Amino acid sequence: MNLVRTGARVLARGARLGSAALAGLGAALLALGWLHRHPKRELVYSKNLKKGEALRVQLVKPEE
């Protein structure tokens with residue numbers, strides 16, 4: 001499913017019918033599709049590992 005095309009159609013239909021819910025859904029689908037097509041490519045961490053080395057990743061809660 002093409003989210004950009006579907007979102008644009010649903011947004012236009014919602015605007016044409018005067019349905020805020022349908023227009024909002026279309027806008028959300030359109031934005032989601034655009035973000036999937038244009039991801040922000042940002043490298044957080046990079047390291048070349050030697051043979052036999054391992055990298056452990058842990059997710060922790062931020063301190064409050």
### Message
Looking at the stretch 19-37, I want the residues that are within 12 Å of Leu3 (Cβ to Cβ) and without any contact (Cβ under 8 Å) to a residue 24 or more places away in the chain and have a partner that is surrounded by fewer than 17 Cβ atoms within 10 Å (Cβ to Cβ) and charged (D, E, K, R) with Cβ atoms under 8 Å, at least 6 apart or on another chain. Which pairs are those?
### Response
Gly26/Arg9; Gly26/Arg13
### Query
Any residue in the stretch 1-9 that is surrounded by fewer than 10 Cβ atoms within 10 Å (Cβ to Cβ) and at pLDDT below 95?
yes
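The values are calculated or read from the model by the stated rules, or taken from the named source; none is laboratory data. These numbers come from a predicted model, not from an experiment. Because the Cβ atoms are built from the backbone with ideal geometry, glycine has one as well, and the counts that use them run over all protein chains shown.
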